[in-house]
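The values are calculated or read from the model by the stated rules, or taken from the named source; none is laboratory data. Here the structure is a predicted model, which means the values were calculated and not measured. Neighbour counts run over all protein chains shown; Cβ positions are idealised from the backbone, glycine included. For accessibility, only protein heavy atoms count, side chains too; no ligands or nucleic acids. Shrake-Rupley method; radii C 1.70, N 1.55, O 1.52, S 1.80 Å.
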Amino acid sequence: MTLQEAILLQQAAMEEEERVYSAWAEKLNRDMKDILTDNFGTQFLHSCGRDLAGEVVRNYFDTSDYHITVDQLVKRIFTFDYDDDFDPLSKTEDLRKSVYNYTDQDSGTLKQIEQTDKIHRTKLFDKISSEGSDGKTHRRYEDQARITREKKAYVDEKNLENGTIIDSYTGNEGEYVVDDQGNRRRRLEVDHVQALNAASVNGRYVNEVGREKLREFYNSQDNFALMDKSANASKGDVRVFDAAGQDITHKASPAQLADAICNQWEKDNGGEKIRNLQDKGYLNEEGKVPASIRRKLEERIKTSQNGESKVILKYTEYGQVAADAGKETANAIGKIIAGQILYFGAPPLIHEVKIILQAKPRNLDEILEKIGIAGKRIGKYMLAKMKSIFKNTAFNAVKKWVKTFMDILISLVKDTVARMVKAAKSVFLASIDALRILGDKTATRAEKADAVTSLYAVTLTNLAVDTLFTYLEAQPTMVLPSWMIKPLQILTSIVCMNLTQVVLQKADLFDVRHGFKMSQIESLFEANRNSYLREVESLNEAVEEKIQQVIQASQSQAQDIHQRLQKFNSFEEGRGKSLKEIRQLFSIPERTDDEDDDFLGEPS
């Protein structure tokens, strides 16, 4: 290579450096555009896809107690690097994952709570056999005297000044009839809104004092209504059954109970029942219960259930609830710890396996050597994460206890009160997560405020969806089959919660996204700048090395020519070889002999 070629090489290197700079600038512009462009649609679809995968596994494989979703684990595995350890559990954008976990539909814990309820469910009113004045054996409630006394007091209270009473459902004035013995009797009877025969409570959590208070409640005006004799007889001790044929009267919704009563009234068993109910306004001409009657039935049942639930909460043995929640939490500790070990241990393990496979070890000894090195790296990494593992385990155990405690209370109460307790559970769990956010020393105030706002927003969204589906599921006229409710609720929750989060991100109430974008741009510029400098430096080093080789070779060759020229004797040696080398070295074109003489300063 000649000196001229070395100069051309340097020029080519400068042109390549300009090309690299242009490519770097173009890439930087593209990346900055991606950051500055809010592609919320793509983000929404991507988040929904991830959440759907995580929720399907969590709900159908009962993995709530691991406190890590499958999509989080997969993302961490694919992005893991010792130098850039991506931790989705620490990211505020994954807060909705915790919110999903506030609500379970069919978990092992809920099944255990239901089983405990079945074992300890205690009837509030028992019947005994007694002989009547007619000599026949009759079945009567043990509390019959109190029942009769309280019913009489209720009628006395409802009597108007003119001595009449009004039907609680039709609004008609009560009638009197004369029996076979000539006694004048009311057609309106005092009905228990919630039947005594179905009245029961979980005796494990409500003590005898509480059970006695519930007996008082069931025989009070809060559970009484005035109903026509025919309607009351037709209603009887109505029961509600689920799709599997299980008696769920004690936890049936107001809509389900009202529907069961209406079905009893509308059922034509022959005789005078249908005509009597039509005459008294309980059935219309088509033999159907009017909407106004059905609505009043539902409202009274709801009021009664809420009153009963208040009594239950007042006399609940909270110490026993806390103890059982603690036992369930202790049973779940293994899964909680396993979730943390899997979360922190699986990614580096798979990372090391990939490194070993890429290295293509030639024999067993080399494989064992690499496994030993990998094991030391994994061990060192896990030791560094022990503090996080213990902290997350303790944090998740507290949430598990709160969640189980509230789920037990929810199983004890009904209707509106049950929904209120469920809402309180979500708020409590969200508050625990909020405390953790506020305690993060690496986040700014604005970032904490944004995260807490997002947390409570998606919590309320999830709660609204859960309340909606609880209501729909309790409707007797629900069109959708029961097997569709669960997947539809999962999908609805995912879409609504992600929409809520996208709206908040777009609003950027605390300018967090602006600061985040600026931080991303700074990091992006620095990363691209370093990449450009490394590439240019590598290019310059390669060119410089070649040029130095040319210079060194040229210097050596010039010295050799110089030494030969000093010893040169034109009378004894030919000059052609040396001149040819000089011309090659300095890229001088071929000359004539006369021009060579001029070059050497010799007379022609």
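Some observations on this one:
- For the condition open to solvent by 20 Å² or more (accessible area, probe 1.4 Å) and either among the hydrophobic types (A, V, I, L, M, F, W, C) or touching a residue at least 60 places away in the same chain (Cβ under 8 Å) (or both), residue 413 does not qualify.
- Of the residues making up the range 393-411, those that are over 22 Å from residue 313 (Cβ atoms) and aromatic (Phe, Trp, Tyr) number 1.
- As for the range 308-323, it holds at least one residue that is touching a residue at least 40 places away in the same chain (Cβ under 8 Å) and of a type in the set (Asp, Glu).
- Residue in the range 365-387 that is under 28 Å from residue 102 (Cβ atoms), more than 20 Å from the chain's Cα centre (by Cα) and surrounded by 13 or more Cβ atoms within 10 Å (Cβ to Cβ) present: yes
- Residues of the range 260-289 that are touching a Ser or Thr at 6+ places or on another chain (Cβ under 9 Å), in a loop (DSSP other than H, G, I, E, B) and surrounded by 13 or more Cβ atoms within 10 Å (Cβ to Cβ): 280, 281, 282.
- Within the option set 311, 353, being surrounded by 14 or more Cβ atoms within 10 Å (Cβ to Cβ) and β-branched (Val, Ile, Thr) holds for one residue only, 311.
- Residue within the range 435-445 that is basic (Lys, Arg), open to solvent by less than 30 Å² (accessible area, probe 1.4 Å) and in contact with a helix residue (DSSP H, G or I) (Cβ under 9 Å, 6 or more places away or on another chain) present: no
- Residue check, residue 225 of a type in the set (A, V, I, L, M), part of a strand (DSSP E or B), open to solvent by less than 10 Å² (accessible area, probe 1.4 Å) and in contact (Cβ under 8 Å) with a residue 40 or more places away in the chain: yes
- Complete set of residues in the range 114-164 that are open to solvent by 80 Å² or more (accessible area, probe 1.4 Å), among the aliphatic types (A, V, I, L, M) and in a loop (DSSP other than H, G, I, E, B): 160
Residue-wise test of (1) within 15 Å of residue 28 (Cβ to Cβ); (2) touching a Gly at 6+ places or on another chain (Cβ under 8 Å); (3) among the basic types (Lys, Arg); (4) modelled with pLDDT of 85 or more.
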| position | (1), (2), (3), (4) |
| --- | --- |
| 492 | no, no, no, yes |
| 515 | no, no, no, no |
| 521 | yes, no, no, no |
| 529 | yes, no, yes, no |
| 544 | no, no, no, no |
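- Output for the range 456-509, where each listed residue is more than 12 Å from residue 103 (Cβ to Cβ), part of a helix (DSSP H, G or I) and not hydrophobic (A, V, I, L, M, F, W, C): 456, 471, 473, 482, 487, 492, 498, 500, 501, 505, 506
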